[in-house]
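Single-structure report; data block below.
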């Protein structure tokens with residue numbers, strides 16, 4: 001099995017979180033593969049910018065998730081190990097990168113996001129991240 005280390009962002013703007021719709025019509029969070037020499041936090045910020053056009057800052061680590069799938073192009077199973085960061089958008093703008101095969105994206109209320117997001121572990125990630133985000137924002141005031 002091929003193991004890929006990845007990093008991504010749970011991006012908040014106020015009381016909303018950003019989701020992307022991929023080519024399989026799945027609602028997901030922005031993320032990407034960590035290449036040699038890259039730091040996970042840099043990859044997370046870069047992928048949020050590249051996939052969603054969002055300038056964001058990292059507030060705190062969010063945790064890790066893993067999932068496995070069969071890669072048709074590689075003809076073998078792949079395990080993605082993702083390091084997540086809770087991020088705050090520096091403004092409300094975004095631009096979904098259609099060249100990266102994303103169909104749509106937007107900021108959603110937490111309840112809307114939990115209804116839309118495709119994978120159950122991402123639901124848990126959003127719920128926990130939102131609690132940490134609110135706590136971090138209240139201590140910054």
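The values are calculated or read from the model by the stated rules, or taken from the named source; none is laboratory data. These figures come from a predicted structure and were not determined experimentally. FYI the Cβ positions are ideal-geometry reconstructions off the backbone, even for glycines, and counts take in every protein chain you see.
General remarks:
- Yes/no for residue 58 being touching a helix residue (DSSP H, G or I) at 6+ places or on another chain (Cβ under 9 Å), part of a loop (DSSP other than H, G, I, E, B) and closer than 25 Å to residue 128 by Cβ: no
- Residue list for region 93-112, filter: part of a helix (DSSP H, G or I) and either without any contact (Cβ under 8 Å) to a residue 40 or more places away in the chain or out of contact with any helix residue (DSSP H, G or I) (no Cβ under 6 Å at 6 or more places or on another chain) (or both): 98, 99, 111, 112
- Within region 118-141, tally of residues that are closer than 14 Å to residue 11 by Cα, in contact (Cβ under 8 Å) with a residue 24 or more places away in the chain and either in a loop (DSSP other than H, G, I, E, B) or within 14 Å of the chain's Cα centre (by Cα) (or both): 6
- When the residues of region 66-90 are filtered to those that are in a loop (DSSP other than H, G, I, E, B) and in contact with a strand residue (DSSP E or B) (Cβ under 8 Å, 6 or more places away or on another chain), the one that is surrounded by the most Cβ atoms within 10 Å (Cβ to Cβ) is 90.
Residues are listed down the side, and each one gets a yes or a no for (1) on the phi > 0 side of the Ramachandran plot; (2) in contact with a strand residue (DSSP E or B) (Cβ under 6 Å, 6 or more places away or on another chain); (3) surrounded by 15 or more Cβ atoms within 10 Å (Cβ to Cβ):
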position: 46; (1), (2), (3): no, no, yes
position: 54; (1), (2), (3): no, yes, yes
position: 104; (1), (2), (3): no, yes, no
position: 113; (1), (2), (3): no, yes, yes
position: 130; (1), (2), (3): no, no, yes
position: 135; (1), (2), (3): no, no, no
position: 138; (1), (2), (3): no, no, no
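- Yes/no for residue 5 being surrounded by fewer than 18 Cβ atoms within 10 Å (Cβ to Cβ), in contact with a helix residue (DSSP H, G or I) (Cβ under 8 Å, 6 or more places away or on another chain) and either farther than 25 Å from residue 136 by Cα or modelled with pLDDT of 95 or more (or both): yes
- Residue within region 8-18 that is modelled with pLDDT of 95 or more and more than 19 Å from residue 110 (Cα to Cα) present: no
- Qualifying residue in region 26-42 (condition: part of a strand (DSSP E or B) and under 21 Å from residue 138 (Cβ atoms)): no
- Residues that are within 23 Å of residue 111 (Cα to Cα) and touching a residue at least 12 places away in the same chain (Cβ under 8 Å) within region 24-50 comprise 25, 26, 27, 28, 29, 30, 31, 48, listed in sequence order.
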